[in-house]
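Here, each number is a calculation from the coordinates, and none is a lab measurement. What you see is a predicted model, and the numbers here were worked out from it, not measured in a lab. For neighbour counting, all protein chains shown are included, and Cβ atoms are generated from backbone atoms with ideal geometry for every residue, glycine included.
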Amino acid sequence: MSDIKILGIESSCDETAAAVVVNGREVLSNEISTQIPIHTLYGGVVPEIASRKHVERITQVVDLALKQAGTTADELDAVAVTYGPGLVGPLLVGVSFAKAFAYANDLPFIGINHISGHISANYIEDKDLKPPFLCLVVSGGHTHLVRVIDYGRYEVLGRTVDDAAGEAFDKVARAIGLGYPGGPKIEKAAKDGDPDSIEFPRAKVADHPYDFSFSGLKSAVLNYLNHQRMAGVTVNTNNVAASFQKAVVGALTDHAEMAIDQFGMDKFAIAGGVASNGALRASIEALCQRKGVKFYRPAPILCTDNGAMIAAAGYFEFENGVRSGLNLNAEPSLAL
């Protein structure tokens, strides 16, 4: 069987990314242009600014990906691009570029769900991983617990009903003065804090045991901060960070354990930006060891938004015969 070479393009938030991947597993290039320094000035992602920066960078990033891979457009088999979920402006930049690139080079064009891309990052990290398995997807805007039935076929067991875990990290980090991006800064501060110093709640969603809710936890942190400040008590930022992180990791691990017990599957993966959090990785790994389940996690560079995961997902869709029309539009609320 001949190799299938896919160009993957990702622009759903504040990373302009492109990659070339062979057979969904072998990364030839993975170029990422981040906008974090720009959005840090505003305490979070500003969609209009993100869109303009994607327009400025996307041609150069794709050219770099092709050059790094030692590949030309006529050696590609297809173009895959994120078309949702995400911010509509940034998504439109990637989708429009990918359609134009595919049309100009007479290549098949495949729209990819961003969450499917995150799951597919595990196929790059572990060349032997095959469905079925369970996957916890935890990123800035999404928290999903998914049963991966086959390549590109998913059953969503639970999702967040309000704030995603990554959003909660960003909001709490801002509230305690750590700034943006929240995830890495909370994790760093938590290393010098006592995770048992403050008891923050873990919400459960009635009648939907696999769904997640982090809004109440975020509010509990804000209420604690307000109470301490009104009482004239100096807030220990590290303790707040550690206790908050413990509550988030605990809730995610509890859901993972429930799914492992119910479905009896012997493989569990994590994915998404928050999946690079060391405390979460350690907690899920310990759970899997305790349950006799094999644990999979992508390298941190594959947890963040990147083109390689989109190209990997694109390969499996390509093999399944999926093709998108040039009328494909961005879908910011696209469901998995």
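Using the Cβ of Arg297 as centre and a radius below 10 Å, the other residues enclosed give a net charge of -2, where K and R count +1 and D and E count -1.
The alpha-carbon of Lys5 sits under 14 angstrom from the alpha-carbons of these aspartates and glutamates, leaving out residues fewer than 8 places away in its chain: Glu26, Asp74, Glu75, Asp77, Glu317, Glu319.
When a footprinting reagent is the concern and you count Cβ atoms within 10 Å, what order do Arg25, Arg323 take, fewest first? Kindly include the intermediate steps, with their values, before the conclusion.
Details: Arg25 16, Arg323 12.
The order, fewest Cβ neighbours first, is Arg323, Arg25.
The modelled label-to-label distance between Ala73 and Ala335, using points 7 Å beyond Cα along the C-beta direction, is 3.7 nm.
If you stretched the chain out fully between His227 and Ser215, how much longer would it get, using 0.36 nm times the residue separation minus the C-alpha to C-alpha distance? Please report the intermediate quantities before stating the final value.
Details: separation 12, 0.36 × 12 = 4.32 nm, distance 1.82 nm.
Extending this stretch completely gives an extra 2.5 nm.
Each residue of the stretch 237-242 was assigned a 3J(HN,Hα) from its phi angle through the Karplus curve 6.51 cos²θ - 1.76 cosθ + 1.60 (θ = phi - 60°); the sequence is 4, 5, 5, 4, 4, 5 Hz, with glycine and proline shown as x. The C-alpha atoms of the stretch 130-298 occupy a region whose extents along the principal axes are 55, 31, 26 Å, arranged from largest to smallest. Our Cα-only numbers for the stretch 14-125 put the radius of gyration and Dmax at 14.0, 42 Å. Can you give me the angle between helix 47-69 and the longest principal axis of the chain, using Cα atoms only, in degrees from 0 to 90, rounded to the nearest 10? Between the helix axis and the principal axis of the chain, the angle is about 50 degrees. Taking the stretch 120-154 and a reference point 7 angstrom along Cα→Cβ of Lys294, the backbone N atoms nearer than 15 Å belong to 122-135.
In degrees from 0 to 90, rounded to the nearest 10, what is the angle of the helix 88-104 Cα long axis to the longest principal axis of the chain? The answer is roughly 20 degrees. Size descriptors for the chain (Cα atoms only): Rg and Dmax, in that order, 20.0, 70 Å. With a cut-off of 11 Å between beta carbons, the residues surrounding Asp128 carry a summed charge of +3, where Lys and Arg count +1 and Asp and Glu -1. The GluC sites (Glu not before Pro) of the stretch 273-328 include none that DSSP puts in a loop with a beta carbon having at most 12 other beta carbons within 10 Å. Return the lysines within reach of Lys99: Cα separation strictly under 16 angstrom, same-chain partners fewer than 8 residues apart disregarded; answer none if there are no such residues. List returned: none. Here the stretch 110-145 and the stretch 179-229 have alpha carbon centers that stand 25 Å from each other.
The modelled label-to-label distance for the pair Glu319/Ala100, using points 7 Å beyond Cα in the direction of Cβ, is 3.3 nm. For the charge dipole of the chain, defined by +1 on Lys and Arg C-beta atoms and -1 on Asp and Glu C-beta atoms about the Cα centroid, which residue among Ala313, His255, Val240 has the Cα displaced farthest towards the positive pole? With unit charges placed on the Cβ atoms, the residue in question is Val240.
Straight-line reach from Lys291: taking Cα to Cα under 19 Å and skipping same-chain neighbours fewer than 8 places apart, the aspartates and glutamates in range are Asp254, Glu257, Asp261, Asp266.
Grab the other residues whose beta carbon is less than 9 angstrom from that of Ile110, score K and R as +1, D and E as -1, and report the net.
Details: positive: Arg323; negative: Glu317.
Combined, the nearby Lys, Arg, Asp and Glu give 0.
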